[in-house]
């Protein structure tokens with residue numbers, strides 16, 4: 001069921017490692033001591049929290065019901081793989097939208113759910129049950145206090161990147177020119193971010209997925225700004241996924257990402273790979289943009305990314321401690337709020 005939905009992103013090709021085979025994970029752990037870690041996004045996490053509160057799976061639409069069953073199936077699978085589940089990003093998002101108290105309570109509920117026997121979630125996933133017994137949650141609830149993490153530094157960095165992308169999307173120029181301007185801005189005035197580059201590459205391309213930047217042209221500019229912030233959380237999730245994969249290289253940890261968001265999955269699969277190369281970059285861009293435009297954009301990208309030590313770049317001239325780096329997101333936010341759709 002999970003494989004059909006294709007909810008798991010891996011840095012490994014399916015031919016090398018089957019991310020939907022529980023035995024693969026257990027074998028890696030038993031033989032080599034390799035621990036699997038799954039980052040889950042908010043569309044999985046919120047449904048698990050809802051189940052932990054005793055809510056019914058049944059919803060008005062089949063799609064809404066399926067979302068709950070997929071989330072339950074995902075947790076059952078993670079538990080059977082003896083994997084670590086990382087709910088950090090949805091908790092950060094909740095804390096930013098609401099308050100830390102709500103996020104802390106959701107963390108307690110998630111920990112409790114994760115300690116319940118996986119058969120209970122498997123039954124919900126397969127339609128044998130429509131609700132999690134609340135007594136099971138109460139029994140597994142820990143008295144240990146645990147607080148949700150603080151918003152990471154890269155959220156602010158990604159906020160500026162998303163705002164710049166949104167402003168360029170509102171420009172009356174063709175999509176390829178928008179991506180070129182975005183890459184040039186990264187080189188001249190900001191910092192390179194692999195997750196933002198891949199996000200922009202997909203968003204501005206003919207392969208764009210619905211909802212990547214929501215309500216961008218709304219006359220209510222505050223609502224439009226909220227849509228940009230939603231994209232920032234996606235970028236930050238991707239940054240975390242990429243960073244964890246890179247930092248785990250050579251260790252006994254392997255990271256996976258679990259999401260039902262098509263855009264997030266597409267970017268994630270291209271963002272992290274054990275087979276990264278210029279040829280793979282070419283495959284990514286031609287998949288998004290077609291042969292002619294894709295090759296031209298790869299050349300443009302490689303030309304800029306090959307000059308990271310260029311002394312004319314702002315980041316090479318201005319110390320990282322300079323307040324300008326916190327002012328850039330503020331300036332872009334004001335520009336976006338004043339920009340007519």
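Structure data summary
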quantity: Of 143, 174, 293, the one that fluctuates the most in a GNM where the chain has Cα springs shorter than 10 Å; calculated: 143
quantity: Segment residue 317-residue 188, length gained on full extension (0.36 nm per residue, minus Cα span); calculated: 45.4 nm
quantity: Efficiency of FRET from Cβ geometry, residue 171 and residue 262, R₀ 22 Å, rounded to 0.05; calculated: 0.30
quantity: Fully extended contour minus Cα-Cα distance, from residue 208 to residue 147, at 0.36 nm per residue; calculated: 18.3 nm
quantity: Helical contribution to [θ] at 222 nm, DSSP H n ≥ 4, -39,500 (n - 2.57), averaged over the chain, rounded to 500; calculated: -19500 deg cm²/dmol
quantity: Helix axis angle, 194-203 relative to the chain longest principal axis, alpha carbon, degrees; calculated: 80
quantity: Label-point separation, residue 105 to residue 30 (7 Å along Cα→Cβ), nm; calculated: 4.3
quantity: Full-stretch length increase - residue 330, residue 307 - with 0.36 nm per residue and alpha-carbon distance subtracted; calculated: 5.6 nm
quantity: Mean separation of Cα contacts under 8 Å (6+ apart) over length of segment 2-140, as relative contact order %; calculated: 29
quantity: Ascending count of other beta-carbon atoms within 10 Å, so fewest first, for 102, 312; calculated: 312, 102
quantity: Packing rank of 115-121, 314-320, where each peptide gets the mean count of other beta carbons within 10 Å, highest leading; calculated: 115-121, 314-320
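The numbers here are math on the coordinates, done by the rules we state, and not lab data. It should be emphasised that the depicted structure is a prediction, and the values quoted were computed from it without experimental measurement. Reconstructed Cβ throughout: ideal geometry from the backbone, glycine too, with neighbour counts over all protein chains shown.
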